[in-house]
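Participant: Here it is, the structure, as structure tokens.
The values are calculated or read from the model by the stated rules, or taken from the named source; none is laboratory data. Computed from a prediction, not measured in an experiment: that's the story for all the values here. Here the Cβ positions follow ideal geometry from the backbone for every residue, glycine too, while neighbour counts run over all protein chains shown.
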Amino acid sequence: MNPQQIFKDKLKGTLGRKLFSSPSTYKLAREVFVKKNRFNFEARRKLTAMGLDQAAEAYHNKKPVAWTSAFFPGELVYIFDLVPFAPEAASGVAASMDLAPDLLKHSDQMGLSSDSCSFHRCAAAGTSLEYFPLPDFLLASSHLCDGAPRLFQYMARRYDRPLYLLDVPFRYSDHALKYVADQLAGIAEDLEKRTGIKLTRERIAEVFDRSNRARSHQLAVSKLRQKVPSPLGGEEGLSYFYLTLLGQGHPETPEIYRTLEEELQKIVDGEVENPEGKEERFRLIWLHLRPYYSSEMIAYLEKELGHKIVAEEMNYVYWPPLDAGKPFLSLAEKVLSHPGMGPLERRTETIRQMVSDYRAHGVIHFSHWGCRQSVGGSMAMKKKFREKDIPFLAIDGDCIDGDSFPWGQALTRLEGFHEVLEQLHA
Amino acid sequence: MLKENPELVLYPENCAGMRYLEKPLPDSFANQDPGREEIMAMIAHNYLEKPPCPRVFNREARELYYRRLIEEKQVSAVIYHDLLFCDMCHYDYLMLQDLLEEKAIPHLKVKTELGDEDLGQLKTRVEAFLEILE
């Protein structure tokens, strides 16, 4: 029997919660999955190891754990030597371990609404049932995701923990930059007092350097993926979003991207075969995330239909290099630079540019149930892309709740989109 | 439906309810013939000074407001309208739920899209809730 399946089955038993929240589980998983498993890319092996190490640390209770919402600047967490924990990432893992159905049922009992984002419902239930570690701090940003700051507000009250909320204005301006920078400075000042860790120039420079090196390699990876054929598909590409969520400022992150860059360069240079194969019937840009309870959708798209996801919106590098000389202004600029902020035209134009840069044939928007910031504008985006003759498919689904959206329907939509592309390029 | 029941004293605490009338304007706005700037100031004052709505990130203020309402209005039951797809409502309810359980105040959560299609079901649930209260 597959060790992963054995592991999944054990998690559902009476000892499941203890297993899930034990640092030893992650150390064992590292031995079993990282050392013994076959990975297509060495970078993925390193990424998996990093994720398991972070999970072990989060449960180890040796360092304070900071829950961070998806778009909060992670560098601040590493400056103060906190262990970051992204409830969305944990929900994704829970979904991949088949725990999500039970957690979502429990979230209903807690009173959470089923039309809220399942990432957040799963996170609330996971913490209540002691699968996930309790936070020592909660760091949320108001931009893009409405649900996460509210979840964090609820968790802060329920578990009596300090909540730091970064209020991000809708539009980029000098005033907005200063407003966000001042808040970040205030958060840092408070974290300094609570953690006892001095905020020094050297500390900031060290963390910013890691973030900038990672950014540089990430850009190089993006550039390589623009080649035809692209050396990396979406099944693999989407997994690196973990580094955007939890790795910005982590010492391993630049190393993982550097390794990936080298591996992709070898494929592009013809030195090694692409382990994913060369076929790319059509090149696609993927928006938002993917189902975490199953890889069937991406596998169908890339292996059965022969398409290749050449870029993901979530991996797009939108921010300039960080400047340790003006740390808070720099982080504020990073936050406000997100193309999802401000008028929808900003996001649409960024995706349009990606279509051009990657020579993509179309765009797929995975419309995760409950994600207002992403799904809200998807129909308007579709209209805009139609005007530019760029095929755009918005496919309804749920990243965490596999029961809500039947696979059959999604399959039909993907096949229909494939036919549209075939006809256009006949 | 609820207004038809003469035994019920209703206090609508929602986006179109009493929240906007909670805090009267100060005497400084008593001018009978306000100019444009004064009108803008009155509107701004009302927005900033009224009790926080679920949209605002100030859980302590929101909780204090609920506690005050429960005490002042001698609330004996709550019907919470959870608007479909409104995350503000959804998470606000969680805090209120805890508070009402602490105070042992019976409550009913109803979820609608503000349309008429749910009216029949809604009526049944509210009637059942009122019977329990009796």
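Participant: Based on this model, can you work out whether B:Lys23 counts as at pLDDT below 85, surrounded by fewer than 10 Cβ atoms within 10 Å (Cβ to Cβ) and not aromatic (Phe, Trp, Tyr)? First the steps, then the outcome.
Facilitator: On the way: at pLDDT below 85: yes; surrounded by fewer than 10 Cβ atoms within 10 Å (Cβ to Cβ): no; not aromatic (Phe, Trp, Tyr): yes.
For B:Lys23, the condition - at pLDDT below 85, surrounded by fewer than 10 Cβ atoms within 10 Å (Cβ to Cβ) and not aromatic (Phe, Trp, Tyr) - is not met.
Participant: Name the residues in the stretch A:205-217 that are hydrophobic (A, V, I, L, M, F, W, C) and surrounded by 20 or more Cβ atoms within 10 Å (Cβ to Cβ), would you?
Facilitator: Answer for the stretch A:205-217, where residues must be hydrophobic (A, V, I, L, M, F, W, C) and surrounded by 20 or more Cβ atoms within 10 Å (Cβ to Cβ): A:Val207, A:Phe208, A:Ala214.
Participant: Any idea which of (1) in contact with a strand residue (DSSP E or B) (Cβ under 7 Å, 6 or more places away or on another chain); (2) of a type in the set (Val, Ile, Thr); (3) within 12 Å of chain A (Cβ to nearest Cβ) is the one B:Val56 doesn't satisfy?
Facilitator: Going through the list (1) in contact with a strand residue (DSSP E or B) (Cβ under 7 Å, 6 or more places away or on another chain); (2) of a type in the set (Val, Ile, Thr); (3) within 12 Å of chain A (Cβ to nearest Cβ), B:Val56 breaks only (1).
Participant: Whether any residue in the stretch B:84-105 is basic (Lys, Arg) and assigned to a strand (DSSP E or B) is what I want to check.
Facilitator: No, the stretch B:84-105 has no match at all.
Participant: Can you tell me which of A:Leu414, A:Leu336 is in contact (Cβ under 8 Å) with a residue 12 or more places away in the chain, farther than 21 Å from A:Asp146 by Cα and of a type outside the set (Asp, Glu)?
Facilitator: Values: A:Leu336 fails: farther than 21 Å from A:Asp146 by Cα.
A:Leu414 is the lone residue from the list that is in contact (Cβ under 8 Å) with a residue 12 or more places away in the chain, farther than 21 Å from A:Asp146 by Cα and of a type outside the set (Asp, Glu).
Participant: Is it true that some residue in the stretch A:197-204 is touching a residue at least 12 places away in the same chain (Cβ under 8 Å), within 14 Å of chain B (Cβ to nearest Cβ), more than 19 Å from B:Val56 (Cβ to Cβ) and surrounded by fewer than 16 Cβ atoms within 10 Å (Cβ to Cβ)? Explain how you work it out, then say what you get.
Facilitator: To start, the set of residues in the stretch A:197-204 that are touching a residue at least 12 places away in the same chain (Cβ under 8 Å) comprises A:197, A:199, A:201, A:203-204.
Next cut, within 14 Å of chain B (Cβ to nearest Cβ) only: none.
Among the residues of the stretch A:197-204, not one is touching a residue at least 12 places away in the same chain (Cβ under 8 Å), within 14 Å of chain B (Cβ to nearest Cβ), more than 19 Å from B:Val56 (Cβ to Cβ) and surrounded by fewer than 16 Cβ atoms within 10 Å (Cβ to Cβ), which makes the answer no.
Participant: Moving to a separate point now. Given the conditions (1) assigned by TED's automatic domain parsing to the domain that holds B:Thr112; (2) touching a residue at least 60 places away in the same chain (Cβ under 8 Å); (3) assigned to a loop (DSSP other than H, G, I, E, B), and given that B:His81 satisfies all but one, which numbered condition is not satisfied?
Facilitator: (3)
Participant: Additional query: Being surrounded by 13 or more Cβ atoms within 10 Å (Cβ to Cβ) and either touching a helix residue (DSSP H, G or I) at 6+ places or on another chain (Cβ under 9 Å) or over 14 Å from A:Tyr300 (Cβ atoms) (or both) is the filter here; which residues of the stretch A:400-414 pass it?
Facilitator: Once the filter is applied, which keeps residues that are surrounded by 13 or more Cβ atoms within 10 Å (Cβ to Cβ) and either touching a helix residue (DSSP H, G or I) at 6+ places or on another chain (Cβ under 9 Å) or over 14 Å from A:Tyr300 (Cβ atoms) (or both), the stretch A:400-414 yields A:Ile400, A:Asp401, A:Gly402, A:Ser404, A:Phe405, A:Trp407, A:Ala410, A:Leu411, A:Leu414.
Participant: To continue, here is another question. Among (1) surrounded by fewer than 23 Cβ atoms within 10 Å (Cβ to Cβ); (2) in contact (Cβ under 8 Å) with a residue 24 or more places away in the chain; (3) within 14 Å of chain B (Cβ to nearest Cβ); (4) of a type in the set (S, T, N, Q), which single condition is A:Ser128 missing?
Facilitator: Condition (2) is where A:Ser128 drops out.
Participant: Among the residues of the stretch B:82-110, what is the count of those that are more than 15 Å from the chain's Cα centre (by Cα) and within 7 Å of another protein chain (Cβ to nearest Cβ)?
Facilitator: Number satisfying all stated conditions: 3.
Participant: Of all residues in the stretch A:387-403, which are among the charged types (D, E, K, R) and over 13 Å from A:Ile351 (Cα atoms)?
Facilitator: Filtering the stretch A:387-403 down to residues among the charged types (D, E, K, R) leaves A:387-389, A:396, A:398, A:401, A:403.
Passing the criteria: A:Glu387, A:Asp389, A:Asp396, A:Asp398, A:Asp401, A:Asp403.
Participant: If you check A:Gly111 against the conditions, is it within 14 Å of chain B (Cβ to nearest Cβ) and without any contact (Cβ under 8 Å) to a residue 40 or more places away in the chain?
Facilitator: When the stated conditions are applied, A:Gly111 passes them.
Participant: Criterion first (of a type outside the set (Gly, Ala, Ser) and in contact (Cβ under 8 Å) with a residue 12 or more places away in the chain) does B:Ile39 satisfy it? Can you show your working first?
Facilitator: Working: of a type outside the set (Gly, Ala, Ser): yes; in contact (Cβ under 8 Å) with a residue 12 or more places away in the chain: no.
It is false that B:Ile39 is of a type outside the set (Gly, Ala, Ser) and in contact (Cβ under 8 Å) with a residue 12 or more places away in the chain.
Participant: While we're on this one: Of all residues in the stretch A:98-131, which are under 20 Å from A:Asp9 (Cβ atoms) and of a type outside the set (A, V, I, L, M)?
Facilitator: A:Asp98, A:Pro101, A:Asp102, A:Lys105, A:His106, A:Cys122, A:Gly126, A:Glu130, A:Tyr131
Participant: Moving to a separate point now. For the stretch A:223-252, name all the residues that are crowded, with 23+ Cβ neighbours inside 10 Å and more than 26 Å from A:Ser91 (Cβ to Cβ).
Facilitator: Of everything in the stretch A:223-252, those that are crowded, with 23+ Cβ neighbours inside 10 Å and more than 26 Å from A:Ser91 (Cβ to Cβ) turn out to be A:Arg225, A:Ser230, A:Pro231.
Participant: Report, by residue number, each residue of the stretch A:152-166 that is touching a residue at least 12 places away in the same chain (Cβ under 8 Å) and more than 7 Å from chain B (Cβ to nearest Cβ).
Facilitator: A:Phe152, A:Met155, A:Ala156, A:Tyr159, A:Arg161, A:Pro162, A:Leu163, A:Tyr164, A:Leu166
Participant: Give A:Ile400, A:Ile390 a once-over and let me know the one that is β-branched (Val, Ile, Thr) and under 22 Å from A:Leu99 (Cα atoms).
Facilitator: On the way: A:Ile390 fails: under 22 Å from A:Leu99 (Cα atoms).
Exactly one of A:Ile400, A:Ile390 is β-branched (Val, Ile, Thr) and under 22 Å from A:Leu99 (Cα atoms), namely A:Ile400.
Participant: Right, something else. Looking at A:Glu255, is it of a type in the set (D, E, K, R) and part of a loop (DSSP other than H, G, I, E, B)?
Facilitator: Taking the combined requirement at face value, the residue does not satisfy it.
Participant: Only residues that are within 23 Å of A:Phe119 (Cβ to Cβ) and in contact with a Pro (Cβ under 8 Å, 6 or more places away or on another chain): list them for the stretch A:56-77, please.
Facilitator: A:Ala56, A:Glu57, A:Ala58, A:Tyr59, A:Val65, A:Ala66, A:Trp67, A:Thr68, A:Ser69, A:Gly74, A:Val77
Participant: Looking at the stretch B:63-81, which of its residues are more than 11 Å from the chain's Cα centre (by Cα) and within 12 Å of chain A (Cβ to nearest Cβ)?
Facilitator: Across the stretch B:63-81, the qualifying residue is only B:Glu63.
Participant: Continuing with the same structure: Given the options A:Lys198, A:Lys193, name the one that is in a helix (DSSP H, G or I) and charged (D, E, K, R). Step through it out loud before you land on a result.
Facilitator: Details: A:Lys198 fails: in a helix (DSSP H, G or I).
Of A:Lys198, A:Lys193, the one residue that is in a helix (DSSP H, G or I) and charged (D, E, K, R) is A:Lys193.
Participant: Also, I was wondering about something else. Scan the stretch A:139-151 for residues that are closer than 21 Å to A:Thr195 by Cβ and away from every other protein chain (no Cβ under 12 Å) and jot them down. Before the answer, list the steps.
Facilitator: First, the residues of the stretch A:139-151 that are closer than 21 Å to A:Thr195 by Cβ: A:139-141.
Residue satisfying the conditions is A:Leu139 alone.
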